[in-house]
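One structure coming up, written as structure tokens, with questions to follow.
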């Protein structure tokens, strides 16, 4: 005997539907008016690196083109002066 | 005349006197070649993020100065000749960097003064976060 079909109109999902509100990315330098990115501050620059010490793309961080260039410059200076590593594992 | 900033790392095996002598030497190189020192800082012994010449620590020194471009050539030549220097970096400060370094210096100076005055009061000097 077939089980009676309860309610066809009710749609059930296996996983709860994620209703994610897309958070608009913004350039933190533009927002807070930072003009110069200091290479001496390794901890700050780590925000723009992944675990391996690679520079994160701006599509992830939201940094504008103008400041992404400066971030890259600062990170590279910091690497040269052994403030940041060139390659690493599990930096954070 | 441009504003320049230079950082060098000295080997960790040097004594206090040798470090002073080394720091003085490069400041001398700058002043003798028509540069003017704006700011000089010794950051002390710091851990390196990776080994340089098999050394894991180094003494950091920062000098900010103004001068002509050909001074850099002379300075870097001196860096290369001195085997106590394991790494160096010098670059021209753009207008934002100059502004930033002035602000940074004032902050540092303020901190030192505040610490001297308020050692007993135990009040943290409030860092002014200008936008």
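Nothing in this text is a laboratory measurement; each read-out follows from the coordinates by a stated rule. Everything numeric in this text was worked out from a predicted model, so none of it was measured. Every residue, glycine as well, gets a Cβ built from its backbone with ideal geometry; the counts of neighbours run over all protein chains shown.
Determine the shape class of the range A:28-80: with a ≥ b ≥ c the square roots of the Cα gyration tensor eigenvalues, call it rounded for a/c under 1.5, and otherwise prolate if a/b is greater than b/c, oblate otherwise.
The shape class here is oblate.
Sort chain B into rounded, prolate or oblate with this rule: let a ≥ b ≥ c be the square roots of the eigenvalues of the Cα gyration tensor; rounded if a/c is under 1.5, and if a/c is not under 1.5, prolate when a/b is larger than b/c, oblate otherwise.
Taking the square roots of the gyration eigenvalues as a ≥ b ≥ c, chain B is oblate.
Would you mind calculating the gained length between residue B:92 and residue B:105 on full extension (0.36 nm times residue separation, minus the Cα-Cα distance), in nm to one decimal?
2.9 nm
How crowded by other chains is B:87-97, given as the mean number of beta carbons from other chains within 10 Å of each beta carbon?
3
What FRET efficiency comes out for residue B:83 versus residue A:25 if R0 is 45 angstrom and r is the Cβ-Cβ distance? Round to the nearest 0.05.
0.40
Taking the Cα atoms only, what angle lies between the long axis of helix A:65-80 and the longest principal axis of chain A, rounded to 10 degrees?
Once rounded, the angle reads 60 degrees.
How far, in nm, would the chain grow between residue B:68 and residue B:20 when pulled straight, counting 0.36 nm per residue and subtracting the alpha carbon separation?
14.7 nm
For chain A, what is the mean residue ellipticity at 222 nm derived from helices alone (per DSSP H run of n ≥ 4: -39500 (n - 2.57); sum divided by total residues; nearest 500 deg cm²/dmol)?
Helices in chain A give a 222 nm mean residue ellipticity of -8000 deg cm²/dmol.
Now a separate question. Per DSSP H run of n ≥ 4, the term is -39500 (n - 2.57); total these for chain B, divide by its residue number, and report the mean residue ellipticity at 222 nm rounded to 500 deg cm²/dmol.
-13500 deg cm²/dmol
Sort the protein assembly as shown into rounded, prolate or oblate with this rule: let a ≥ b ≥ c be the square roots of the eigenvalues of the Cα gyration tensor; rounded if a/c is under 1.5, and if a/c is not under 1.5, prolate when a/b is larger than b/c, oblate otherwise.
Cα axes put the protein assembly as shown in the prolate bin.
Here's another thing I want to ask about it. May I ask for the angle, rounded to the nearest 10°, between helix B:16-32 and the longest principal axis of chain B, with both axes built from Cα atoms and the value confined to 0 to 90°?
The answer is roughly 80 degrees.
Most fluctuating residue of A:11, A:37, A:55 in a GNM of chain A with Cα springs under 10 Å: which is it?
So, out of A:11, A:37, A:55, the one fluctuating most is A:11.
Please check: in the Gaussian network model of chain A (C-alpha springs, under 10 Å), which one of A:56, A:81, A:14 has the largest mean-square fluctuation.
A:14
Between residue B:1 and residue B:113, take the C-beta separation as r, use R0 = 22 Å, and let me know the FRET efficiency to the nearest 0.05.
0.15
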